[in-house]
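No lab work stands behind these numbers, since they all come straight from the coordinates. Nothing here was measured: the structure is a model prediction, and the numbers come from that model. We place every Cβ from the backbone using ideal geometry, glycine too, and count neighbours over all the protein chains shown.
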Amino acid sequence: MKVLALDVGGTAIKSALILDGQIIKASECSSDGKLGGPYVIGNIMNTIDSYEDYEAIGISTAGQVDSNRGYIIYANDNIPNYTGTQLRDLIRKKYQKPVYVENDVNAAAIGEGCYGAGRGENDFLCLTYGTGIGGAIIINKKLYKGSRGVAGEMGHMITHINGLQCTCGKQGCYEQYASTAALVKKSLVYNEKLTDGLHIFHELENGNTKVKDIVDCWIAEIIWGLINIIHIFNPPCIVLGGGIMRQSYLIQSINCKIKDKIMDNFKNVRIVAAKLGNNAGVFGMSAMAEQAALRI
């Protein structure tokens, strides 16, 4: 089955034409998320218009998603005026194809489960670290979504009572301390040139001990959140995604430091880096569309 898969974020739209788990054609363009939901939808349609000869459309998107009805339950200010968008209906009406819509981290988890680091695992958790922290729960090879379809908001665990203000309106959320954005914020206080993960880890690799201290403190924040979810879910495997997790120092440090902080019966957990990188979402949506077609 040939699927046109899109991964829509606040800054970019990644797209790929996928057949039998292989990318035939791919592209990326700006989503211009700050200009608002209607503008993003226009860019989604422009992207779709650049492809032809496909049987279904799968869209992975930022925000809380009702995948059964294909609409955006909630989106933050990275894409203003996106909340409530009936995305599936808009796309299906124009292109007259089956359309599937899912939250971006859920889609990435499905992709990793079918083609990446979670392949062969019946159960695993997936967390992505970027501007915020997203989460997804796979149980018996299926997404667990909770009673309202939005389970897995691991970035909004409270890890610091009365802590930093979060974009969700609460205080002390995990993502305010353990996201890539949190690392950059701390690093900028030390050096205003450390504007992203690449610059930060370049300094670490060059032996900058102050940067190493900042990174190690940030890793400790990552670990405290992982301890919570390990003790709740007792998972066999946790897949960590986001561009920052390509740094081997992180996965090695997390695995080394977490073992003596979790109870003995939980130490079998494997913590691994995601394998599919920026393609996880599009592979996930391709798999979802194929699975849906088999059920028809």
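What are the ³J(HN,Hα) couplings of the range 123-135, residue after residue, when phi is run through the Karplus curve with 6.51, -1.76, 1.60 and θ = phi - 60°? Round to Hz, x for glycine and proline.
Once rounded to whole Hz, the list reads 10, 6, 10, 10, 10, 10, 10, x, 4, x, 10, x, x.
When the helix-only estimate is applied to the chain (DSSP H runs of n ≥ 4, each -39,500 (n - 2.57), divided by the residue count), what is the mean residue ellipticity at 222 nm, nearest 500 deg cm²/dmol?
-11500 deg cm²/dmol
Can you compute the charge dipole magnitude of the range 6-63 about its Cα centre, using +1 on each Lys and Arg Cβ and -1 on each Asp and Glu Cβ, nothing else charged? Give it in debye, rounded to the nearest 20.
280 debye
For the range 120-274, what percent of Cα pairs sit more than 28 Å apart? Write down the numbers at each step before the final one.
On the way: 2301 of 11935 pairs.
Result: 19 percent of Cα pairs exceed 28 Å.
In whole Hz, with x marking every Gly and Pro, tabulate ³J(HN,Hα) for the range 25-38 from phi via Karplus 6.51 cos²θ - 1.76 cosθ + 1.60, θ = phi - 60°.
Once rounded to whole Hz, the list reads 8, 8, 7, 8, 9, 6, 8, 6, x, 5, 7, x, x, x.
As an exercise, identify the trypsin sites (Lys or Arg not before Pro) in the range 67-107 lying in DSSP coil whose Cβ has no more than 14 other Cβ atoms within 10 Å.
Values: sites: Arg69, Arg88, Arg92, Lys93, Lys94; in loops: Arg69.
Answer by residue number: Arg69.
Provide the net charge surrounding Ile91, with neighbours chosen by a C-beta distance below 12 Å and charges set as Lys +1, Arg +1, Asp -1, Glu -1.
+3
Let me check I have the definition right: for the range 1-49, take the eigenvalues of the Cα gyration tensor, multiply each by 5, take square roots. What are those semi-axes in whole Å, largest first?
Ellipsoid half-lengths, sorted descending, are 22, 9, 7 Å.
Using 30 Å as the Cα-Cα cut-off, could you pick out the over-long pairs in Lys141/Lys170; Lys34/Lys257; Lys142/Lys185; Lys170/Lys267; Lys2/Lys185; Lys142/Lys275? Don't jump to the answer; show the numbers that get you there.
On the way: Lys141/Lys170 32 Å; Lys34/Lys257 38 Å; Lys142/Lys185 36 Å; Lys170/Lys267 32 Å; Lys2/Lys185 42 Å; Lys142/Lys275 19 Å.
Cα-Cα > 30 Å for Lys141/Lys170; Lys34/Lys257; Lys142/Lys185; Lys170/Lys267; Lys2/Lys185; rest within.
Cα-based Rg (one decimal) and Dmax (whole number) for the chain, in Å?
Rg, Dmax (Cα atoms, Å): 19.0, 58.
From the backbone phi of the range 47-63, what are the Karplus-calculated ³J(HN,Hα) couplings (6.51 cos²θ - 1.76 cosθ + 1.60, θ = phi - 60°) in whole Hz, Gly and Pro given as x?
5, 4, 5, 7, 10, 8, 6, 9, 9, 7, 10, x, 10, 8, 9, 4, x
5 Å is the cut-off here: which amide hydrogens, built 1.01 Å from N in the peptide plane, fall below it relative to Ile59, excluding neighbours closer than 5 in sequence?
Result for Ile59 returns Leu6, Tyr100, Val101, Glu102.
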